[in-house]
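Take a look at the structure below.
The values are calculated or read from the model by the stated rules, or taken from the named source; none is laboratory data. Quantities reported herein were computed from a predicted structural model and do not represent experimental measurements. Note: ideal-geometry Cβ built from the backbone for every residue, glycine included; neighbour counts use all protein chains shown. What goes into the accessible areas is simple: the full protein's heavy atoms, side chains included, and nothing from ligands, DNA or RNA. Shrake-Rupley method; radii C 1.70, N 1.55, O 1.52, S 1.80 Å.
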Amino acid sequence: MGYIEETGAAQHYRDARIAQIYEGTNGIQAIDLVSRKIALSGGAAVGAYLDELRRTVAAVKATNDPAFGTTGERLGAAVEDLARATAWLQARLGHEPEAALAGATPYLRLFALAAGGCMLADEALAALRLAGEADAPGRIATVRFFAENIATATGGLATAITEGAGSVAAADAFA
């Protein structure tokens, strides 16, 4: 007993140690996404998902609701960043796998931002369709905040994926 167990510091120590496992898991998931998932059915599976995301963006734009602000434009840019990065990775998987894998972690983040933003938009659109839904303004505000403040990072991630492989390879030289 004593300070460590009585104050909860031991739990913080255990939580900090588990972060190493989480980091490895994220990397493994990113590599799996790039090396296996985007190539499924010759790329048709991810292509169909991109089309689904584009339909969500079109639905947001079609509402013409000023409460959405620039949500449609920002999510549209995020989805197109994802499409551009996906095409770049797919083109390199067969003959430059190291370049593709160098972008795996930023690609996972990019995918999450585009998909997550569109999922939030789907929730807001569903709330609008439900008559008497009191939570629609809150859901719209949430997706707007996400699109205008968080999803804007997708352009930088797409650049890191498509132009950053050389710096990743150079960093390996010093490892």
- Residue match in the range 97-117 (condition: part of a loop (DSSP other than H, G, I, E, B) and farther than 17 Å from Ala30 by Cα): no
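Checking the condition assigned to a helix (DSSP H, G or I), out of contact with any Ser or Thr (no Cβ under 9 Å at 6 or more places or on another chain) and either at pLDDT below 95 or under 30 Å from Val34 (Cβ atoms) (or both), which residue from Ala134, Ala169 passes?
Ala169
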- Message: For the range 29-54, give me the residue count where each residue is open to solvent by less than 60 Å² (accessible area, probe 1.4 Å), closer than 16 Å to Arg92 by Cα and more than 16 Å from the chain's Cα centre (by Cα).
- Response: 3
- Note on the structure: Scanning the range 73-117 for residues that are open to solvent by less than 50 Å² (accessible area, probe 1.4 Å), over 16 Å from the mean Cα position of the chain (by Cα) and under 20 Å from Ala151 (Cβ atoms) gives Trp88
- Query: Do we find that Ala58 is assigned to a helix (DSSP H, G or I), of a type in the set (Gly, Ala, Ser) and touching a Ser or Thr at 6+ places or on another chain (Cβ under 7 Å) in this structure?
  - Reply: no
- Message: Would you confirm whether or not the range 55-70 contains a residue that is β-branched (Val, Ile, Thr) and surrounded by fewer than 18 Cβ atoms within 10 Å (Cβ to Cβ)?
- Response: yes
- Message: Could you go through the range 130-139 and let me know if any residue there is within 17 Å of Arg55 (Cα to Cα) and either free of Cβ contacts under 8 Å to residues at least 24 places away in the same chain or buried (at least 18 other Cβ atoms within 10 Å of the Cβ) (or both).
- Response: no
